Structure formats: structure tokens, C-alpha cells
Amino acid sequence: MPSRSSLGWWLVLAAGVTTLTLAMVVRSRGRARATVAASATGDAARPSWDAPMVRGRPEGCLVCHAGVAGLDSSHAPARIGCAACHGGDVSARTADAAHAGMVLVPGNLADAASTCAQAGCHASVLPRIQRSIMTTMSGVVEVNRRAFGEPPGELPPHVGSLGQGAADSHVRQLCASCHLGQQKIEWGPIGEDARGGGCNSCHLAYDAEALRQLEAYQTTVPAMRTNIPLRHPSFTVAVGNGYCFGCHSRSGRISTSYEGWHELRDAPSTAALAADAATPRPRFRELADGRVFTRVTPDAHQTRGLDCIDCHTAGEVMGAGKVVTHAREQVQIRCEDCHARRLPSVSPAHADAETQTLLTLRNWHFRPGERLGVAASGAVLSNVVLSADSTARLRRKRTGAWSPLRPPTPSCTRGRGHARLSCTTCHTAWAPRCATCHTAFDPAAEAFDHVDQKDVTGAWRETSGPFEAAPPTLGIRWDSTDAEYPRGVVDTFVPGMIMTLDRNRTAGGAPDTIFRRMYARIAAHTTTRTARTCASCHADPVALGYGRGRLRFVVTGRTGRWTFSPEHAALSDGLPGDAWTGFLAARQGMVSTRDDVRPFTVEEQRRILAVGACLTCHAENSRVMQRALDDFAATQARKSVRCAEPRFD
């Protein structure tokens, strides 16, 4: 709250006068805008002016705060007033009374029910957000407890209900800053290091003038401030990628990967960074939190100007209202929803109410016969437009620019061999990988508890192995409700936790060490139009889950055998440091951060390597390998006498 002096308040005491008079002069650019006098004796004195009528009542705020600009028409003060968002008392006659209960930064989830989500505004949205994965962090909490070997507790868990056990204190210190319930307590735009803020985290928008006035206000000594900024930040549905960046540049590094940046474990020197920054196209990027990234291949959608919101729907980001435990349960879109030969569609007039509201806010109109695409989940894609001849285009939500939507190439859909492959399996250029980390508790160190918002004694410390940008490992993800692929689909994975964890938190206590080797599914957001080669799946040890090393098909006479020499030494479980599974061996037990994924079985590895054996001689675009896509068993049965038979016994 700005000080009373900063708002231009003066208490005028007249000696010898029986009634004290409080005079308020709010100045803007040196000119008095309004003056009101009221008796200080507590009687029912009336103001000397008439407050503007807003929503059927006098809005006293606008007498002093007239001239506030910058808000869009739906949030304009003349339409909804100031108190609708900021609270306070619109009928009060003094500053203290008017500002009592005022919310300086409305939109935080703690006060959203009485600000953004009050009756008549966005009341239906708040329950959805409160149940959404970005508010509860339930997946992070559940997986962390699983890794620590602790009971999952009530499902789904909530970050706001964390206890003080080993697993929960770990989340409190290292993870819990990234959820929508984190409070935004200061004026200012959403930056790349922003966390939380409720509704503000996506919708708060400062234009250049609002930023200029805010900076002038904040850099003025408080005692010298004569007015608060008149340019108010606005609210927008044109959400740029920067709003996602604060949280999603961590963990899976989706935001940075999408833009083509890979984090460096060992940053260049300050001098090297300064010299690089002076080049026309810098190779490095230092974030506000001090982490340094190097330039790699960006996502194909990013290079064409698409924002996060161009793919991700409002129902997906804010939640659809149901309680979920993991992020995948909240996802409403997939690649095939846009890239298909024929898309399901609906008339704009028959779309759901939220879609129609968004179309109105964007001032989008449609020509006769145009329809909106519909995802397999049933979500209406408000920016996928089908013309009367069913040609599909995507309209960018922020800019309104159009992009064609291309169907998959024949090679993507040909034959039975690749029927179980997800689009990301072939079209992920790279993923951020970090194998092996060590986590332990230091009872004497200081840490910050992001839930209680205070410093605590005792800190979790993590040290990691090398970072790399490399094609992901492949494995199986299945869904019991997927009737089309009951055996699951092939998808992309990275080391989630190859971790040595000491759970002891008592100074001088005996180590309580456990080891975890768990991979996690990743949608890396590094899509490339050019698919990875067949050999990079069928004859690559990283893709198969063995880790880095030398994988060879050694032919002796008419037979051949695969051999593997790992690059990394074995850890306590006998597997190489970066592996997910053993070479032509099975994994049991806790293999992933989720129950619905696993590495390839021995039989699946053999089938994959059988194709890989053929690729040692035959080019992937050769006639024989193209036939193999349709029916590998029949193609193999017709193999030449010169072909070596792969043996796995």
C-alpha cells in the first residue's frame, strides 16, 4: 500500500476551530483533480461531490482515481469500478476507511473468490483452477513421495497440505515455488523468473506506458511520491510464452527447449558471456536466476511463430474441473488433433460457451461454411478452422496470423510396423538429459521453505551428473482405457531419477541411503519435421534404454549376434550409470516415476534389434525395408541366403 503522503494527503489543523477538517487533494501531473471535505466529528456528513454510478451504486474510488487508463473495455473502471477487483469501501469518506480491506494485487488464489472469481465475473473458473495440476502440484508430490519410499497419503495430494517429513520437506525447498497458489505481492509484470500469482500469472499485461509509469513510481523516494501510476496494467487472453517461462524453464525445461536452448552444467566465465553477448547471434543465454543455456535446435512450431497457447487449450491449462493426480490426465490435445487427413469439427455457433467467449474477446468472425476443429478428447479447438472444402488452417491466438495444417506423410501412417508409435517418437529432435544425481540433507545449512515462505534450518542438497541434449530413450506408455492400443504405444523418455538418496536428516545420524533408477516420460517440445532415422531407433543403445556405448551386430558365418559395451560404469544395481534397462534383459520393480510406463521387454528388444540387423546392410528407404514396414515377418521369411540370421539365445 502506498503511504498516505504519497497519495497527497494533508491533515489541516486550524487552531481555535472547534471542528477538524480533513482535506484530501489527489494530484496528477501537478493539477488537483478532486477535493472533498468531511466533518471529523463522526456525524453523517455528506461528500461535497457526487460519486460516479457504477453497477448501480456510487463508486467513491473514481472521485480520487479518475483518469486511470489502460484497462480493456470489460475491466474498465467506468464499467466495473475499482472495488470490484481491489475491494475497499466505495462509500467511505476518508482514505483510511476507503482503503480498509483493499487488495493491492488482486487475482491471487487466496483472494480470487472475492476478486476475479466473485459472482458475476469469473466464478466458474476458480473451482477448475483450484483442482488443476498447476495449483495442486499433485504429480510432483506423489512422485517425490514414491521416490523417497514414503506412503502416498491422500490422493491426489496438494502442495498446500505438505507435511514436514523427508519427502515433503524436499518438495517444500526445491519444487514448491512453481504453483499457481504462490502469492504475487508486488506490482510489476510477469518476468522469466516469476512464480505463481494465480490469475495474474497468465493474464496480467503491462504495456510500455504502464511499465514507464511504474518504474518512475518505484524509483522515486517514497516520501517524494505525489501520485500512483495512472496507467493500469491490462488483462489479456493473448498469453505470450513468457508467462509460461518462469516455471516451465525448470524441471523438464519445456520452455527453454521449445525456444532452442539447452542448459549448461558448467557455465562459461563472465568474460566469455560478455563477449558472446556482443556477437550478432549469441550462443549463450543467461536467465534471471543465473542459469546459462547454449543455443541448440528449436521446435519447428516455434520457428514458425506459434505460441504455447496455440496448441494448449484453456481447459487444458486451467483445468476442466475434474480432480487429477498427474499432468497427463489434464491434457486435452495431441499432435493428431491438428495433423490429420480429416478433422472432426463443429459449427462456431454450436461450440461450448467458453469457446464462444474467447472468440468474442478475440473479435474473430467466420465465413459461411467454416467450422472449428475438435480434438479426440472432445475439446473444441478455437483456432483450428476448417473451410467449406475441409481444408484446415491454424490461426495464431495472439497475432491472428494463419498457418496451414499439413496432414501426416504416407511414411507416418504406412504399414503395421509403426502403428504403435507416437508422433513424438520419430519427430523429437532432442531432449534434455541428466543422468545420475546425489541428494542428501545438510542439517546445518539454511534453506527457504516455499510453502511457509520463510527461511528454515536444514537444507536438501543435490549434485548432478553431466547435462546433455540428445535424442530421447524410447519405451512403452499404455492406457487401460485405450481400446485401440491395449499393449501401449512407443513414446519418449529421459532419466527422471537415477539417484542415490540419503534420507537421514539427523546431524551425526547413520546414512539412510536408497538408490532409484527411474525414467520419466517427456514431451520435449523439440519437434522437427525430419523424422529420426530407422537405425537411430533400431540400432541405437540410448534409444533402446541401454545407455551410451557401442552396440554392434557381429556376423559369424550365416548368423549374427548383438553385443553392447557401455560407456558408463555400473552403479550399485549393476546397470550402467545412464541406462534404463539391461542389454537384452528385463527390469522389474520401480522402473519409472509413473506406473503406466516401462522400458522395452526382452521380447520387444529382440524384435527391434531384428530390424536393426537388417539395417546394417539395407538402406531404410530400400524396397525391402519398405516392404518390411507392411509385414516384417513375411519379409524376413523371404530373406536372401546371404542374409545373416540374428540370434538371441
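Just so it is clear, none of the values below were taken in a lab; they were calculated from the coordinates. In this text, all values refer to a predicted model and were calculated from it rather than measured experimentally. No Cβ is skipped: glycine too gets one built from the backbone with ideal geometry, and neighbour counts run over all protein chains shown.
Distances between placed amide hydrogens fall under 5 Å for D72 paired with F235, all partners being 5 or more residues away or on another chain. For region 185-192, backbone phi angles converted through the Karplus equation (6.51, -1.76, 1.60; θ = phi - 60°) give residue-by-residue couplings of 10, 10, 5, x, x, 7, x, 6 Hz, Gly and Pro being listed as x. Amide hydrogen proximity for L381: with H placed 1.01 Å from N in the peptide plane, the residues at 5 or more positions away or on another chain lying under 5 Å are G373, V374, A375. For the pair region 411-467 and region 529-543, the centres of their Cα atoms are 22 angstrom apart. 3J(HN,Hα) along region 534-546, derived from phi through the Karplus expression 6.51 cos²θ - 1.76 cosθ + 1.60 where θ = phi - 60°, amounts to 4, 5, 5, 9, 7, 9, 10, x, 5, 4, 7, x, 7 Hz, with x in place of Gly and Pro. If only the Cβ of Lys and Arg carry +1 and only the Cβ of Asp and Glu carry -1, the dipole of the chain around its Cα centre is close to 1960 debye.
Here the ratio of the Cα radius of gyration of the chain to 2.2 N^0.38 Å is 1.16. Going by alpha carbons, how many degrees (0 to 90, nearest 10) lie between the helix axis of 138-148 and the longest principal axis of the chain? The answer is roughly 50 degrees.
Principal axis extents of the Cα atoms in region 413-646, from largest to smallest and rounded to whole angstrom, are 70, 38, 30.
Where both residues lie in the chain, what percent of DSSP beta bridges are antiparallel, nearest 5?
Working: 73 of 81 bridges.
Counting DSSP beta bridges with both partners in the chain, the antiparallel share is about 90 percent.
Look at where the Cα atoms of region 169-215 and of region 593-645 average out, and the two centres are 50 Å apart. Can you tell me which lysines have their Cα less than 17 Å from the Cα of K454? Leave out same-chain residues fewer than eight positions away. Output for K454: K184. A cut-off of 5 Å between modelled amide H atoms, ignoring neighbours fewer than 5 places along the same chain, links G547 with V542, W580.
Note that region 202-213 has calculated 3J(HN,Hα) couplings of 10, 10, 6, 9, 9, 8, 4, 5, 5, 5, 4, 5 Hz, one per residue in order, obtained from phi through the Karplus relation 6.51 cos²θ - 1.76 cosθ + 1.60 (θ = phi - 60°); glycine and proline are x.
Each other residue within a Cβ distance under 13 Å of R587 adds +1 if Lys or Arg and -1 if Asp or Glu, for a net charge of +1. Answer rounded, prolate or oblate for region 517-575, using the Cα gyration tensor with square roots of eigenvalues a ≥ b ≥ c: rounded when a/c is under 1.5, else prolate when a/b is larger than b/c, else oblate. Because a/c hits 1.5 or more and a/b fails to exceed b/c, region 517-575 counts as oblate. Cross-link partners of K322 among aspartates and glutamates, defined as those whose alpha carbon lies under 18 angstrom from its own and excluding same-chain residues fewer than eight positions apart: E142, E154, D352, E354. Against the chain, whose longest principal axis comes from its Cα atoms, helix 353-362 is set at around 70 degrees. Around V494, under 14 Å between beta carbons, what's the net of Lys plus Arg minus Asp minus Glu among the other residues? Computed value for this residue: +3.
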